[in-house]
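The values are calculated or read from the model by the stated rules, or taken from the named source; none is laboratory data. Everything numeric in this text was worked out from a predicted model, so none of it was measured. Quick reminder, even Gly has a Cβ in these numbers, built from the backbone with ideal geometry, and neighbours come from all protein chains shown.
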Amino acid sequence: MEAALAARLEPSAAPGPSDEQLVVEVLRGRHAAFAELASRHRQRVERLCRRFFSDPEVIRDLSQESFIKAFTGLKSYRLEESFPAWLRAIVVNVCYDELRRRRRHPEESIADFSSPAVCNWAELVSTATPEEIVAAAETRREAYDLAHHLLDSLKPEDRTVLILRESEEMSVAEIAKIVGWSTAKVKIRAFRARQSMRKQAERILTARKRRGANELL
């Protein structure tokens, strides 16, 4: 009892420096302070990259690129800003640039309906909207796989908007600020993204029904 009381009476450890304090230290030349910033936010950055891409190596590379851009662009950071929000904007643009570089064609992402996961996919598409699938990707493996499959069918602009709206739960105004578009353009992109994903979902269901019918023959 005495030991427990003594432990409670001991002064708690002093909190570490804030993000803003670390930024000031980096700008003053103590570059080691950026390592602490990176360690503090690495998990959040990797999670955001994972919303855009499923390949672990790509996620790792884009996370590293994001921190490099943050370090080299630190002088543009304003102390009155939220550092996590400032860093998030960098990560989003890094991922968006990678999407644009790849610029895949929608027809290249037609599902492999021989995959064992297709049964789960068909069930998901039957019971959830594409937006709900994207939102559930964080907690359900089959939703994660299907979300990336559906997202692969979108143009980079549409994909970026939908991820930020459904996964990051950002407002239209916040997205517009990050990507440098008008709010009207963000709304149009979100609408197109949802329509395109619904069409892809319908194709999955149609193909699944055809496969089931063929198995009965």
Problem set entry | Condition met for Glu65 (at pLDDT below 95 and under 30 Å from Ser18 (Cα atoms)) | no
Exercise. Residue check, Pro56 against (1) modelled with pLDDT of 90 or more; (2) under 23 Å from Ile175 (Cβ atoms), all met but one. Which one?
Worked result: (2)
Exercise. Can you tell me which residues in the range 28-43 are surrounded by fewer than 14 Cβ atoms within 10 Å (Cβ to Cβ) and either assigned to a helix (DSSP H, G or I) or charged (D, E, K, R) (or both)?
Worked result: Arg28, Arg30, Ala32, Ala35, Ser39, Gln43
Exercise. Counting just the residues of the range 158-173 that are crowded, with 18+ Cβ neighbours inside 10 Å and free of Cβ contacts under 8 Å to residues at least 40 places away in the same chain, which one comes out nearest to Val92 (Cα to Cα)?
Worked result: Val161
For this session: State whether one or more residues within the range 94-108 are under 14 Å from the mean Cα position of the chain (by Cα), modelled with pLDDT of 70 or more, over 22 Å from Arg194 (Cα atoms) and not assigned by TED's automatic domain parsing to the domain that holds Asp158.
Result: yes
